[in-house]
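Visitor: Below are the structure tokens for one structure; questions will follow.
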Amino acid sequence: TLSMRIVTPHWTRELSVAFWLSGSDRACVKISAPPKEAGIASLRLGGSMWNYFPKVERTVKIPVSLMMQPWMGSDFTNDDMMRATSFAKDYTHSFKSVRGTGESAEWEVASVPKDGVPVLWGKIVTSVGPDYLPRKQEFYSERGVLTKVLTYDDFQVIGGRRYPRVWTMRAPAKKDSFTRIVYRSILFDGPVPSGVF
């Protein structure tokens with residue numbers, strides 16, 4: 001479970017969200033609060049994604065062309081929220097550089113898409129700490145333009161693992177705007193309730 005705070009110069013929205021993942025091909029995100037958005041859900045099965053809107057009892061299939069669109073008006077895309085891109089399968093990774101020493105050291109890893117793989121980013125640069133956990137990710141377009149930056153903070157033991165509880169996504173082109181996710185609880189490798197997917 002997590003909370004999502006979306007901040008723009010004109011409005012702020014806060015959502016409470018439940019999230020399920022199973023393997024690399026199934027994901028479900030469901031909003032539980034506020035009441036206006038409660039029950040809205042997104043489902044991914046393989047390469048297909050749908051949104052469900054309970055107030056109108058309507059299910060809408062999301063085409064691949066819209067995976068880069070914002071999820072619920074946030075700075076996270078449909079692809080981000082539904083874990084549709086597989087970094088392990090879709091990208092080739094290479095060591096780029098190291099900054100700092102000891103506990104403050106960070107290694108930079110550049111990830112570029114494999115030939116023929118339809119991915120959304122031209123390059124992703126990830127900064128990794130000595131605990132092998134990410135500190136920051138920079139997402140670049142196919143033209144090499146920095147499009148958004150995801151930072152990871154507040155590392156705690158949650159669900160029995162050390163994990164960054166706070167994820168903040170910012171788009172350099174959108175000043176005074178950001179989306180912050182705070183994980184409230186996580187169960188790793190646990191059973192998924194029947195019927196979720």
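Visitor: Residues in the stretch 108-136 that are open to solvent by 50 Å² or more (accessible area, probe 1.4 Å), farther than 21 Å from THR168 by Cβ and either in contact (Cβ under 8 Å) with a residue 12 or more places away in the chain or among the basic types (Lys, Arg) (or both): how many?
Guide: 4
Visitor: Give the residue that is least open to solvent (accessible area, probe 1.4 Å), with candidates limited to residues of the stretch 141-160 that are more than 22 Å from THR8 (Cα to Cα) and part of a strand (DSSP E or B).
Guide: Here the answer is ILE158.
Visitor: Something else now. Within the stretch 58-68, does at least one residue satisfy the condition of being of a type outside the set (D, E, K, R), closer than 24 Å to SER127 by Cα and touching a strand residue (DSSP E or B) at 6+ places or on another chain (Cβ under 7 Å)? Walk me through it before giving the result.
Guide: Initial filter on the stretch 58-68 (of a type outside the set (D, E, K, R)): 59-60, 62-68.
Still in the running and closer than 24 Å to SER127 by Cα: 68.
Narrowing the set further to residues that are touching a strand residue (DSSP E or B) at 6+ places or on another chain (Cβ under 7 Å) leaves 68.
Yes, the stretch 58-68 contains a residue that is of a type outside the set (D, E, K, R), closer than 24 Å to SER127 by Cα and touching a strand residue (DSSP E or B) at 6+ places or on another chain (Cβ under 7 Å).
Visitor: Ok, one more. Among the residues of the stretch 161-171, is any without any contact (Cβ under 8 Å) to a residue 24 or more places away in the chain and either more than 15 Å from the chain's Cα centre (by Cα) or part of a loop (DSSP other than H, G, I, E, B) (or both)?
Guide: Within the stretch 161-171, the subset without any contact (Cβ under 8 Å) to a residue 24 or more places away in the chain is 165-168.
Now drop any that are not either more than 15 Å from the chain's Cα centre (by Cα) or part of a loop (DSSP other than H, G, I, E, B) (or both), which leaves none.
No: the stretch 161-171 contains no residue that is without any contact (Cβ under 8 Å) to a residue 24 or more places away in the chain and either more than 15 Å from the chain's Cα centre (by Cα) or part of a loop (DSSP other than H, G, I, E, B) (or both).
Visitor: Would you point out which residue out of MET49, MET68 is part of a loop (DSSP other than H, G, I, E, B) and either of a type in the set (S, T, N, Q) or in contact with a Leu (Cβ under 8 Å, 6 or more places away or on another chain) (or both)? Please lay out each step first, then the result.
Guide: On the way: MET49 fails: part of a loop (DSSP other than H, G, I, E, B).
Answer to the check: MET68.
Visitor: Restricting to the stretch 77-128, what's the tally of residues that are in a loop (DSSP other than H, G, I, E, B), farther than 26 Å from TRP20 by Cα, touching a strand residue (DSSP E or B) at 6+ places or on another chain (Cβ under 7 Å) and among the charged types (D, E, K, R)?
Guide: Qualifying residue count, the stretch 77-128: 1.
The values are calculated or read from the model by the stated rules, or taken from the named source; none is laboratory data. Being a predicted model, the structure only gives us computed values, none of them experimental. Here Cβ is always computed from backbone atoms with ideal geometry, including for glycine, and neighbour counts include all displayed protein chains. Heads up: the accessible areas ignore ligands, DNA and RNA and are worked out on the full protein's heavy atoms, side chains in. Shrake-Rupley method; radii C 1.70, N 1.55, O 1.52, S 1.80 Å.
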